[in-house]
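Below is one structure, written out as structure tokens; the observations come after it.
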Amino acid sequence: MKIVFHEKYKRVYTYDPASEAGRIENILEALKGYEFVQPEPAAEEDLLLVHTQSLIDSVKRDALVFEVASLAAGGAITAAQIALNEPAFGLIRPPGHHASRDFNGGFCFFNNMAIAITKLIQDKKVNKALIVDIDLHYGNGTYDIFSSNENIIFLNMVCQERQKYLAELKERLEKAKEYDIIGVSAGFDTYEKDWGRSLKTEDYNTIGSMIKKAAKSCHGRRFALLEGGYYIPHLGKYVKSFLQGLE
Ligand SMILES: [Zn+2]
């Protein structure tokens, strides 16, 4: 398991909960001892795999946001490439799953997951991918980008009572067929003290284990990218719990 991380993800790049001071630091503290890899920013041609020039130009109007968002997309690409050989986690921000081809919102600027998966497919490293979105909120950007793409299975979980949630995820993972890699949009805002008020720390371990098991059908290829998760005091604890299940 490798953690993809850049010091610049600590920057408070805007005024939203994903950019809040201390959020990344809490996770970093919990992940001491893991091997870290520093990514490069995504190139503009990588952003263009998924986004329109006009959306990219709109993000560029704020130089700091563009710098950190390009690094987050680059971190996603690196995590996906590492996953061809071993599991990886992109400890990145801003998140991405609400960013579509030509619009963004919900604290997202570029769709990190969509860029990473599209690049792997373009580079012929994989043909098909399963994207599992466990964030509290619907991954509308990811859905829009891939809705007419038959090479992508998009499994979006809706927050609900924890036992039902885990049972549904298990069932849906077992039904998913034919993919070469699994990418997890790992939002932690489903946590019992976060906005979703549902899952406990150990549930994230269970989710990680389910993904690992599902990845047996794709040579173990799996990676996760940080999306939401705003209860800063405990955040690192359940990110770690998830990664222990995933590795
Ligand atoms: Zn969310």
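Across segment 97-117, what is the number of residues that are in contact with a Leu (Cβ under 7 Å, 6 or more places away or on another chain) and surrounded by 22 or more Cβ atoms within 10 Å (Cβ to Cβ)?
Here the count works out to 4.
Looking at Lys216, Lys177, which one is modelled with pLDDT under 95 and either closer than 29 Å to Ile121 by Cα or surrounded by fewer than 21 Cβ atoms within 10 Å (Cβ to Cβ) (or both)?
On the way: Lys216 fails: modelled with pLDDT under 95.
Selected residue: Lys177, the only one of Lys216, Lys177 that is modelled with pLDDT under 95 and either closer than 29 Å to Ile121 by Cα or surrounded by fewer than 21 Cβ atoms within 10 Å (Cβ to Cβ) (or both).
List the number of the failed condition for Met210; all other conditions in (1) within 16 Å of the ligand (Cβ to nearest atom); (2) more than 23 Å from Ala21 (Cβ to Cβ); (3) not in a loop (DSSP other than H, G, I, E, B) hold.
It fails just one condition, (1).
Is it true that Ala76 is part of a helix (DSSP H, G or I), closer than 19 Å to Gln244 by Cα and touching a strand residue (DSSP E or B) at 6+ places or on another chain (Cβ under 7 Å)?
Here the answer is no, as Ala76 does not meet what is asked.
Any residue in segment 103-121 that is out of contact with any helix residue (DSSP H, G or I) (no Cβ under 9 Å at 6 or more places or on another chain) and either more than 16 Å from the ligand (Cβ to nearest atom) or modelled with pLDDT of 95 or more (or both)? It would help to see each step written out before you state the result.
The first filter runs over segment 103-121 and keeps only residues out of contact with any helix residue (DSSP H, G or I) (no Cβ under 9 Å at 6 or more places or on another chain), leaving 121.
Of the ones still in play, those that are also either more than 16 Å from the ligand (Cβ to nearest atom) or modelled with pLDDT of 95 or more (or both) are 121.
There is at least one residue in segment 103-121 that is out of contact with any helix residue (DSSP H, G or I) (no Cβ under 9 Å at 6 or more places or on another chain) and either more than 16 Å from the ligand (Cβ to nearest atom) or modelled with pLDDT of 95 or more (or both).
Which condition number does Lys237 fail, the rest of (1) closer than 23 Å to Ile24 by Cα; (2) within 16 Å of the ligand (Cβ to nearest atom) being met?
(2)
Of the residues that make up segment 50-66, is at least one acidic (Asp, Glu), part of a helix (DSSP H, G or I), away from the ligand (no atom under 16 Å from the Cβ) and farther than 22 Å from Lys10 by Cβ?
Filtering segment 50-66 for residues acidic (Asp, Glu) gives 57, 62.
Retained after the next criterion (residues that are part of a helix (DSSP H, G or I)): 57.
Of the ones still in play, those that are also away from the ligand (no atom under 16 Å from the Cβ) are 57.
Those still in the list that are farther than 22 Å from Lys10 by Cβ too: 57.
Scanning segment 50-66 turns up at least one residue that is acidic (Asp, Glu), part of a helix (DSSP H, G or I), away from the ligand (no atom under 16 Å from the Cβ) and farther than 22 Å from Lys10 by Cβ.
Looking at segment 160-170, can you tell me whether even one residue there is within 16 Å of the ligand (Cβ to nearest atom), modelled with pLDDT of 95 or more and out of contact with any Lys or Arg (no Cβ under 6 Å at 6 or more places or on another chain)? Give the steps one after another, and end with the answer.
Step one: list which residues in segment 160-170 are within 16 Å of the ligand (Cβ to nearest atom), which gives 160, 165.
In the following step, the residues that additionally are modelled with pLDDT of 95 or more were identified as 165.
Subsequent filtering for residues that are out of contact with any Lys or Arg (no Cβ under 6 Å at 6 or more places or on another chain) retains 165.
Yes; the residues of segment 160-170 include at least one that is within 16 Å of the ligand (Cβ to nearest atom), modelled with pLDDT of 95 or more and out of contact with any Lys or Arg (no Cβ under 6 Å at 6 or more places or on another chain).
Cβ-Cβ under 8 Å, sequence separation 6+ or interchain: first residue in segment 41-59 and closer than 18 Å to His97 by Cα, partner aromatic (Phe, Trp, Tyr) and part of a helix (DSSP H, G or I). Which pairs?
Between residues of segment 41-59 that are closer than 18 Å to His97 by Cα and residues that are aromatic (Phe, Trp, Tyr) and part of a helix (DSSP H, G or I), the close pairs are Val59/Phe66.
Which one is farthest from the chain's Cα centre (by Cα) among residues in segment 153-202 that are within 20 Å of Arg23 (Cβ to Cβ) and among the aromatic types (Phe, Trp, Tyr)?
Trp195
The values are calculated or read from the model by the stated rules, or taken from the named source; none is laboratory data. Computed from a predicted structure; not experimentally measured. Heads up, the Cβs are rebuilt from the backbone with ideal geometry, glycines too, and the neighbour counts pull from every protein chain shown.
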